[in-house]
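The values are calculated or read from the model by the stated rules, or taken from the named source; none is laboratory data. Predicted, not measured: the structure shown is a model, and the values here were computed from it. Backbone-built Cβ (ideal geometry, glycine too); neighbour counts: all protein chains shown.
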Amino acid sequence: MTGADGVRGTHPPTGRDLPEPGPRRPHRARWAVAAVFAVHGAVTGSFATRIPWIQDHAGLSAGQLGLALAFPALGASAAMPLAGRISHRWGSRRALRGMLALWTACLLLPALAPDLLSLCASLFLFGATAGLADVAMNALGVEVEQRLGRSVMSGLHGMWSTGALVGSAAGTVAAHLGTDARAHLGLAALVLTALGAGVCRGVPDLRGTPGAHPPPRFALPPRAALLIGAVGFCAVFAEAASLDWSALYLRDVLGASAGAAAASTTAFACTMAVARFAGDTVVERYGAVRTVRCGGVLAALGGGLVATAAAPAVAMAGFALLGTGIAVVVPLAFAAAGGSGPAPSQSIAGVATITYTSGLIAPTAIGSVAEFASLTASFGLVTALALGLVLGAGVLRPASARPVGAAKGAHRSKTVRE
């Protein structure tokens, strides 16, 4: 779930973004960006736990819900190319503050939708604002990583998962108490908007050179980035399926209560957060390829548990394993993309597009399979894609571990070592 349209190097040298005069200390900037990731994740976690309420409120079938849940990724994919230009014009800090405020404020919209058409429209806007904020904060994450001279992206994504955990935990309590989702999400939107405005004050402020050309709207990524993106596709598919459908799976397939169903989303977010915080240390010790292959095995075991579970506790354990297995894949995919060609940011943007495409496809695919077969069969598909991580992990090998010539132009190869 990341983009790079605002990262330095997406346009000619005369148009590079420049750090603010007298830049803030890198460690302070790191924690400010980490807090932004947490706020962004909290919006996602809050929304995910109330999907069953939204489905009942709008009177949707599983197939209709699957169609509606494709619209956030569709909106994000449509809006992402604009983020780089907005940051270039207004400066990264001011742009991020505005984008994040739009995203947090839009949290209430899906709960207000009374039917399928209005829900699709609100989710499109919800996703568009998510994509804008996502690109801006990940671009700043790359900037902070470069200033520190070591990998921090897994930890930043860990903060996103922590935010999703906090948001889903609050949603679990609200669902258990039978709170109207409009009241719950309205209050959450107010709190998160205020928090987002505060934490954005500490992020780096990159500004374009006066008179420079803005970043391009679209550029084809190199072939290596497409292969890396395919691995990210598998991970994001499993993540989107688990976040959007875990609560419904426990409620509709296993007969769990609303509170227990929402808790499955919390368990998934919790294991992802823990694994991402440990990710930089694990990768440093065992290497990117081995870490992702082992993660793929864990994710496949988790998907198998979900698909064969006869009790809610077993399915929750399966979702926990899924979260652990896929946790570090996306951060490592962006690190590998940065070393895959002479234009690292172009590669990162290409991987971002592919992963968002996965987020677009996953809800509809899961809903369609559930409509024509069952939700159990849907998570059989998730299990198969998790095995794709085992088979494709080799493309995440950093440039420094490739033959001489393969790393030409890869200035971020030291971020992760194999």
Which ones in the stretch 80-91 are closer than 24 Å to I354 by Cα and out of contact with any strand residue (DSSP E or B) (no Cβ under 6 Å at 6 or more places or on another chain)? M80, P81, L82, A83, G84, R85, I86, S87
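Every residue, every condition in (1) surrounded by fewer than 21 Cβ atoms within 10 Å (Cβ to Cβ); (2) touching a Pro at 6+ places or on another chain (Cβ under 9 Å); (3) of a type in the set (G, A, S); (4) at pLDDT 90 or above, yes or no:
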position: G59; (1), (2), (3), (4): yes, yes, yes, yes
position: Q64; (1), (2), (3), (4): yes, no, no, no
position: H88; (1), (2), (3), (4): no, yes, no, no
position: A111; (1), (2), (3), (4): no, no, yes, yes
position: S118; (1), (2), (3), (4): yes, no, yes, yes
position: A121; (1), (2), (3), (4): yes, no, yes, yes
position: A128; (1), (2), (3), (4): no, yes, yes, yes
position: G131; (1), (2), (3), (4): no, yes, yes, no
position: E145; (1), (2), (3), (4): no, no, no, no
Go through the stretch 203-222 and count every residue that is at pLDDT 75 or above and over 22 Å from the mean Cα position of the chain (by Cα). 1
Being buried (at least 22 other Cβ atoms within 10 Å of the Cβ), at pLDDT below 75, out of contact with any strand residue (DSSP E or B) (no Cβ under 8 Å at 6 or more places or on another chain) and within 23 Å of A241 (Cβ to Cβ) narrows it down to one residue among P398, P363, P344; which is it? P363
Kindly list the number of the only condition in (1) at pLDDT 75 or above; (2) buried (at least 24 other Cβ atoms within 10 Å of the Cβ) that fails for A373. (2)
Among (1) surrounded by fewer than 24 Cβ atoms within 10 Å (Cβ to Cβ); (2) of a type outside the set (F, W, Y); (3) within 22 Å of L195 (Cβ to Cβ) - the single one P72 does not satisfy: (1)
Somewhere in the stretch 305-323, is a residue closer than 21 Å to A130 by Cα, touching a Gly at 6+ places or on another chain (Cβ under 6 Å) and modelled with pLDDT of 80 or more? no
